[in-house]
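Heads up, the thing below is written out as structure tokens.
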Amino acid sequence: MANICPITNVADLVSEARRVYRETFHGDDANVAVCAPGRVNLIGEHTDYNEGFVLPMALPMVTVIVGSKTSGQKCCVVTLTEAADEPRMVDFDLPNELTPLLRGQPNWANYVKGVVQHYRARPIPGFRAVIASSVPLGGGLSSSASLEVAVYTFLQQLCPDDGDQVAKAVACQQAEHTHAAVPCGIMDQFVSVLGKEGHALLIDCRSLEATAVPLADPGLVILITNSNVRHSLTGSEYPTRRKQCEEAAAALNKKSLREATLQDLEAAKDRLEGVTYRRARHVIEEIERTAQAAEALKRGDYKEFGRLMVESHNSLRDNYEVSCPELDELVVAALEVDGVFGSRMTGGGFGGCTVTLLQAHATERAVKHIQEKYHGSPTFFTTTPSAGAHALSLWF
Ligand code: ADP
Ligand code: MG
């Protein structure tokens, strides 16, 4: 269909990575291959680090790693994806008890090093690896978590751990905290590990339990629109929001905003600064909205689901203040189209993507309309809920 980007299939990513592996490592062939998906969050934004609910799904866009173990302590990793003009190849030594693997240059390699440092089994052998990805970098579809989880899954093939999936997601989250300096919640890594084909995942970020909610209706399309803008605020605003939420929870005498109700918040309104109140209000309402949205999805009530998506967007715009004119414009345009149930920004905000739920027959019309209305140049993907990370056979 016109203007909708095709998603490179996994087999093509693997064969390209294998080709580069052979070229780079003088004819040797890789004997391990893995993939880990990016994600789109349907609803439940900025709730994960408040111990609330989120409802993401894993995407058919994935990060693939092919490679082999080597003897010795050296690791050599190549990425096929252009990441901020940085060199695409990196060498480093495995960490040991005395010498941890620290952050360094190139920046992209920190996502790899962080996972090696936090991997839950030892001894990790030296390795060579090539990374290929169909997840847009920095587009809010979590290329970072998919890279981390792919690295972890790769290491599992070289040096098996106990197979605890939740602990795997937590280790990858730790990697992002310590090595990428992003204090992210657990959502992205969790769904990249545990995503399920044909399902969204309702994750309780307090108990770290997840319920798979069926989402495989041929009459329904999940359209992702990349605004192709990313404002430089992203880096600094995220930690600020986290801090504001912690302050709000403390002011309400709660361990986290998950424990707080709207009544608690209203009762404390006079004591709170306006901005703290609005941040907390978004989080408390969004947690409730996400639980309601999961129920609506179980009933197949897309209209209600869409209504909640729009409420979520408006709250992110007005209370949490993480949207931007481009995302607002995309949402407004999507909602003008007949057959669209709902639309919202997805991911951290200040650029990146929107997610739109619509009737399949309305897709072409929606894409055309959004393209006409949007002042930038958007990219569109239609997506289906896909599987979490797994090893791949090299027999193709
Ligand atoms: P998002 O996770 O929304 O895509 P982030 O800023 O969190 O955006 O992560 C993007 C960064 O992750 C890139 O700038 C790069 O450093 C790293 N990254 C992700 N995927 C790859 C890849 N395939 N190759 C190299 N670096 C990658
Ligand atoms: Mg990320």
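Restricting 184, 245, 172 to those that are in a loop (DSSP other than H, G, I, E, B) and open to solvent by less than 30 Å² (accessible area, probe 1.4 Å) reduces the list to 184.
Would you confirm, using the coordinates I've provided, whether residue 210 is hydrophobic (A, V, I, L, M, F, W, C), more than 15 Å from the chain's Cα centre (by Cα) and in a helix (DSSP H, G or I)? Considered against the rule, which asks whether it is hydrophobic (A, V, I, L, M, F, W, C), more than 15 Å from the chain's Cα centre (by Cα) and in a helix (DSSP H, G or I), residue 210 comes out as no.
Across the stretch 354-374, a minimum of one residue is classified as within 16 Å of ligand 1 (Cβ to nearest atom) and within 12 Å of residue 223 (Cα to Cα).
Just one residue in the set 116, 149, 166, 130 is out of contact with any His (no Cβ under 6 Å at 6 or more places or on another chain), within 16 Å of ligand 2 (Cβ to nearest atom) and at pLDDT 95 or above; that residue is 149.
In the stretch 133-142, the qualifying residues are those that are more than 16 Å from residue 183 (Cα to Cα) and modelled with pLDDT of 95 or more, and the one that is farthest from ligand 2 (Cβ to nearest atom) is 134.
Residue 83 - would you say it is under 24 Å from residue 19 (Cα atoms), within 16 Å of ligand 2 (Cβ to nearest atom), at pLDDT below 95 and within 24 Å of the chain's Cα centre (by Cα)? Yes, satisfied.
Of all residues in the stretch 185-228, those being within 16 Å of ligand 2 (Cβ to nearest atom) and of a type in the set (A, V, I, L, M, F, W, C) number 6.
Residue-by-condition table, conditions (1) farther than 28 Å from residue 240 by Cα; (2) surrounded by 18 or more Cβ atoms within 10 Å (Cβ to Cβ):
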{"site": "58", "(1), (2)": "no, yes"}
{"site": "61", "(1), (2)": "yes, yes"}
{"site": "72", "(1), (2)": "yes, no"}
{"site": "75", "(1), (2)": "yes, yes"}
{"site": "78", "(1), (2)": "yes, yes"}
{"site": "97", "(1), (2)": "yes, no"}
{"site": "100", "(1), (2)": "yes, no"}
{"site": "130", "(1), (2)": "yes, yes"}
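Residue count for the stretch 188-208, restricted to those that are within 16 Å of ligand 1 (Cβ to nearest atom) and open to solvent by less than 10 Å² (accessible area, probe 1.4 Å): 5. Just to be sure before I move on: is residue 225 in contact with a Gly (Cβ under 8 Å, 6 or more places away or on another chain), away from ligand 1 (no atom under 13 Å from the Cβ) and of a type in the set (Ser, Thr, Tyr) in the structure I sent? Spelling it out, it is not the case that residue 225 is in contact with a Gly (Cβ under 8 Å, 6 or more places away or on another chain), away from ligand 1 (no atom under 13 Å from the Cβ) and of a type in the set (Ser, Thr, Tyr).
Collect the residues in the stretch 45-56 that are closer than 16 Å to residue 192 by Cβ and either touching a His at 6+ places or on another chain (Cβ under 7 Å) or outside any strand (DSSP E or B) (or both), keeping them in residue-number order. Explain how you work it out, then say what you get.
As a first pass, look at the stretch 45-56 and keep what is closer than 16 Å to residue 192 by Cβ: 48, 54-56.
Passing the criteria: only 48.
Close Cβ contacts (under 8 Å, 6 or more residues apart or on different chains) running from residues in the stretch 66-79 that are outside any strand (DSSP E or B) to residues that are modelled with pLDDT of 95 or more and open to solvent by 40 Å² or more (accessible area, probe 1.4 Å) comprise 73/93. Considering the stretch 248-280 alone, what residues qualify as being open to solvent by 80 Å² or more (accessible area, probe 1.4 Å) and either outside any helix (DSSP H, G or I) or not assigned by the TED database to the domain that holds residue 334 (or both)? Result: 253, 255, 273. For the stretch 140-169, the candidate set comprises residues that are among the charged types (D, E, K, R) and out of contact with any Gly (no Cβ under 9 Å at 6 or more places or on another chain); within that set, the residue that is surrounded by the most Cβ atoms within 10 Å (Cβ to Cβ) is 168.
Yes/no per residue for (1) under 30 Å from residue 279 (Cβ atoms); (2) among the charged types (D, E, K, R); (3) in contact with a Lys or Arg (Cβ under 6 Å, 6 or more places away or on another chain):
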{"position": "314", "(1), (2), (3)": "yes, no, no"}
{"position": "323", "(1), (2), (3)": "yes, no, yes"}
{"position": "335", "(1), (2), (3)": "yes, no, no"}
{"position": "340", "(1), (2), (3)": "yes, no, no"}
{"position": "344", "(1), (2), (3)": "yes, yes, no"}
{"position": "349", "(1), (2), (3)": "yes, no, no"}
{"position": "368", "(1), (2), (3)": "no, yes, no"}
{"position": "371", "(1), (2), (3)": "no, no, no"}
{"position": "392", "(1), (2), (3)": "no, no, no"}
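Inside the stretch 299-323, residues that are open to solvent by 10 Å² or more (accessible area, probe 1.4 Å) and either β-branched (Val, Ile, Thr) or more than 23 Å from residue 202 (Cβ to Cβ) (or both) make up a count of 5. Residues satisfying the criterion are absent from the stretch 89-105 (criterion: within 11 Å of ligand 1 (Cβ to nearest atom), of a type outside the set (D, E, K, R), under 17 Å from residue 148 (Cβ atoms) and in contact (Cβ under 8 Å) with a residue 24 or more places away in the chain).
The values are calculated or read from the model by the stated rules, or taken from the named source; none is laboratory data. Here the structure is a predicted model, which means the values were calculated and not measured. In this analysis, Cβ positions are derived from the backbone assuming ideal geometry, glycine residues included, and neighbour counts consider all displayed protein chains. When the accessible area is computed, the model is the full protein with side chains, heavy atoms only, and any ligands, DNA or RNA have been set aside. Shrake-Rupley method; radii C 1.70, N 1.55, O 1.52, S 1.80 Å.
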